[in-house]
Structures are given as C-alpha cells and as structure tokens.
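The values are calculated or read from the model by the stated rules, or taken from the named source; none is laboratory data. Only a predicted model underlies this, so the values are computations on that prediction, with no experimental measurement involved. Don't worry about glycine lacking a Cβ; one is built from the backbone with ideal geometry, like all the others, and counts go over all protein chains shown.
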Amino acid sequence: MACFFVAFGIGLTRGSAIAQLVIDYPRDRGTVVVSFTEVLGEIKDQDPGPSLRIHGDGYVAVHYPRYMKRAGDYALQLSPQEMDNLMRLLIADRKIMEFDETAARRSKRDTAIAMQGGSRSKLLAVLDDSTTVIELRMDRYKPASGNGQEILNVDKKISWNGLRSDARQFPNIEAIQNLAAVRQELVSIMERRDLKRVQ
C-alpha cells in the first residue's frame, strides 16, 4: 500500500537562515502512528488498562478493559486536518520528541530533594499509581532549529509511572507538564462522543 506524507513548515529567522519543522508520517491504515496505554497499577488482570491506537489514515481504535464502566472496543475516524493538528500539537507544541526521560527524572529528583530540604530519605512515593505509555512512529522528523538533526524511522516510546500525581506535585518542570498535557489530549480523544462501539 502506498504511503503519503505530510511536512509542516515553521519559518524561524536566524540571520538569513530559515529553519523548518518537518513531520513526515505514513498515511495508511497499516501503520499505528500514535499509541497510548494507561497501565493500572492496582489492577491484576491480563488486560492492563485502557488503550488508544491512532493509525496513519486517521482511524482511531479505543479499548476499555472488561472491568471498566465503558468496557469494549470503539472506533472513530479523524479527518486529515485533525491528524495534522494532533501531530503538530504533540510534536511542535508539547515537544514530545524532545522529551528525555533521564533528564526529566533527574529534574524530578532534584526538585523533590529541594522541596524536602535536601533530604533524600523523604522523597514522596506514590504506590499503585498508573503507568502512562506513549509511543510515536514517524518516517522523518526534523526540529525547527538551525542545528537540529533529522531523524529517520522514528520509534519513540515513553513510559512514566505516576504522571498525574507528578504533574500536580511538580508544576514547574516543563517536561513533565508537557507529557501530562499529551496524556490529557489523548485521553480526550478516548472520551469523544462520536466514538462508535465495534465490539
């Protein structure tokens, strides 16, 4: 099946140079471009939690486990414009491609230590909190910066335990706030009224 691609351009003037943000992703049903799973820590079940799969052609598959109120599988179709807007939001606005788990965890640790007066022993632990897993697949990505390197065959996976509580506890850590905003955007798709039950 042929793939179709989209590239966004954002002009940034730096002297006489103009840099462009490039986002290329396949537009076919066979490729899952964005996926999201909320692994519920307190649930012991083979089905770990609700999930979302967004295919390159805009087809959205939503799954809620049997133990949840909305149990079942649902679908909807995003328009090409909605897909482009979503990719721009995740990548340009919320900087998901720049998210560095190691750096974000270091910021969280350092901030928590500072909040506790320098004591490592008093770091807050949230037991049985859910784990947010977000995956992004693209053919090509180039950030809107003069020295940004082009990345081909993007397959980025982020896994973060306790994201909602961390977003509340660390409002000044931009990376965590951006990741929480990405999660909320994907959850909002899972809650759309135009979802149709498929099973």
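The single condition among (1) modelled with pLDDT of 95 or more; (2) within 20 Å of the chain's Cα centre (by Cα) that Y141 does not satisfy is (1).
Please go through segment 159-178 and give me each residue that is of a type in the set (A, V, I, L, M) and touching a strand residue (DSSP E or B) at 6+ places or on another chain (Cβ under 6 Å), ordered by number. Selection gives L163 alone. In the set (1) touching a strand residue (DSSP E or B) at 6+ places or on another chain (Cβ under 6 Å); (2) of a type in the set (G, A, S); (3) closer than 29 Å to Y74 by Cα, A144 fails one condition alone, (3).
The single condition among (1) within 17 Å of the chain's Cα centre (by Cα); (2) closer than 19 Å to K196 by Cβ that V33 does not satisfy is (2).
Considering segment 91-115, the residues that are of a type outside the set (D, E, K, R) and closer than 19 Å to D139 by Cβ include one that is farthest from the chain's Cα centre (by Cα), namely A92.
For S119, the conditions (1) modelled with pLDDT under 95; (2) surrounded by 15 or more Cβ atoms within 10 Å (Cβ to Cβ) all hold with the exception of (2). Taken over segment 94-113, the criterion of being part of a loop (DSSP other than H, G, I, E, B) and surrounded by fewer than 17 Cβ atoms within 10 Å (Cβ to Cβ) is satisfied by K95, D100. Scanning segment 39-90 for residues that are in a strand (DSSP E or B), within 16 Å of the chain's Cα centre (by Cα), within 21 Å of D155 (Cβ to Cβ) and modelled with pLDDT of 95 or more returns S51, L52, R53, I54, H55, V60, A61.
In the set I176, I151, I113, only one residue is modelled with pLDDT of 95 or more and not basic (K, R); that residue is I176.
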